[in-house]
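What follows is a single structure, written as structure tokens, with notes after it.
The values are calculated or read from the model by the stated rules, or taken from the named source; none is laboratory data. Since we're looking at a predicted model, the values are computed, not measured. So basically every Cβ, Gly included, is an ideal-geometry build from the backbone, and we count neighbours across all protein chains shown. Only protein heavy atoms, including side chains, enter the accessible area calculation; ligands, DNA and RNA are left aside. Shrake-Rupley method; radii C 1.70, N 1.55, O 1.52, S 1.80 Å.
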Amino acid sequence: MGLGIAMGSGGAAIAQQAYIPLVSKGFQHQFWQAVKAGAEQAGRDLNVKVTFEGPETEAMVDKQIDMLSAALAKNPKALGLAALDSKAVIPLLKKAQAAKVPVVAFDSGVDSDIPVTTASTDNRAAAALAADKLAELIGKSGEVAVVAHDQTSRTGVDRRDGFVERIKASYPDVKIVSVQYGGGDHLKSTEIAKSILQAYPNLKGIFGTNEGSAVGVANGVKEMKRRLVIVGYDSGKQQKDAIRDGLIAGSITQNPVGIGYKTVEAAVKALKGEKLPKVIDTGFYWYDKTNINDPKIAAVLYD
């Protein structure tokens, strides 16, 4: 912690290594640990000091704001941010801008032109692929539902909309009967899935927009002893097991290590005054029973 302060006071020896803190949406989940690993690898490769922190849960917007504020107080050279609430962070982003600290958004964009770029999965395109897969698996007709993680973060909104728009545009016989929000929580998503299954006895498929949503849906379907097609997003041990068991048909995986790496790489480029694209697409893949052990896929799956 002292390092950031020392740098601010112009310690010549230390100042050579630029300090770039990353403030994440979370910390404990394996996804964020994979992002952290990518960021730290980039820090080593590019010789910058990287720190990575986030609140214990993704519901702690205030705690994230405090972390962001503390990071800015250490006079960083640049900053990475995955905002939990894209509007709540704006005042601090303005502060960073005034201090000429370039901000790189990662995972989730911010409704502002302050970030120099956003390193993230193209969530709309990825969710559209999930819609294609689900539609094909149910024979392109029937009722489907969405259990999303939230309607405040960019990822929540983009995954919901990417799925809904693709179904509406390409599959006239597929009807989305319900879109509900479970906060990415396994238990809450299970309860939501059960209430949807009770309301729609002919339901053919459900899309869960993140790991907690997908696992919750799978548990709900299992408890209700129903047979339908579940498509998920992200990975994690339970979701991977459910795919191997055939309970979940398949999921979209992001490239979390790539997200972390590209965020730090973009921050360093911004410091050098290089022009950056508005969005850095870090990629995504569909995986199911057939390719879950493929080395290319296994490399981007996390427990």
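To check you understand DSSP bridge types, tell me what percent of the beta bridges within the chain (both residues inside) are antiparallel, rounded to 5. Among the beta bridges of the chain, antiparallel pairing accounts for roughly 15 percent.
Given the choices (i) 49, 48, 40; (ii) 68, 38, 32; (iii) 67, 44, 42, Cα extents along the principal axes in Å derived from the coordinates of this structure is entry (ii). Relative contact order of the chain: 20 percent, from C-alpha pairs under 8 Å at least 6 residues apart in sequence. Averaging the sequence gap over all C-alpha pairs within less than 8 Å and six or more residues apart, then dividing by the number of residues, gives region 52-176 a relative contact order of 21 percent. The portion of the accessible surface of the chain made up by carbon and sulfur, rounded to a whole percent, is 50 (1.4 Å probe; DNA, RNA and ligands excluded). For region 17-91, trypsin sites (Lys or Arg not before Pro) are listed when DSSP marks them as loop and at most 13 other Cβ atoms sit within 10 Å of their Cβ; the list is K87.
Near the amide H of Y181, within less than 5 Å, lie the amide hydrogens of A148, all on another chain or at least 5 residues away, with H placed in the peptide plane. Sequentially through region 216-222, phi angles give Karplus couplings (6.51, -1.76, 1.60; θ = phi - 60°) of x, 4, 4, 5, x, 5, 5 Hz, Gly and Pro residues having no value and appearing as x. For K175, nonlocal amide neighbours, meaning residues 5 or more places apart or on other chains whose placed amide H falls under 5 Å from its own, are G142, E143, V144. Summarising the amide proton neighbourhood of V279: residues at separation of 5 or more, or on other chains, whose placed amide H is nearer than 5 Å comprise T118. For region 168-253, relative contact order (Cα pairs under 8 Å, six or more residues apart, normalised by length) works out to 24 percent.
For the chain, excluding the exposed loop sites themselves (GluC sites (Glu not before Pro), DSSP loop, at most 13 other Cβ atoms within 10 Å), the longest remaining stretch covers 57-273.
The residues of the chain present an accessible area of 44 Å² per residue when probed at 1.4 Å with all protein chains retained.
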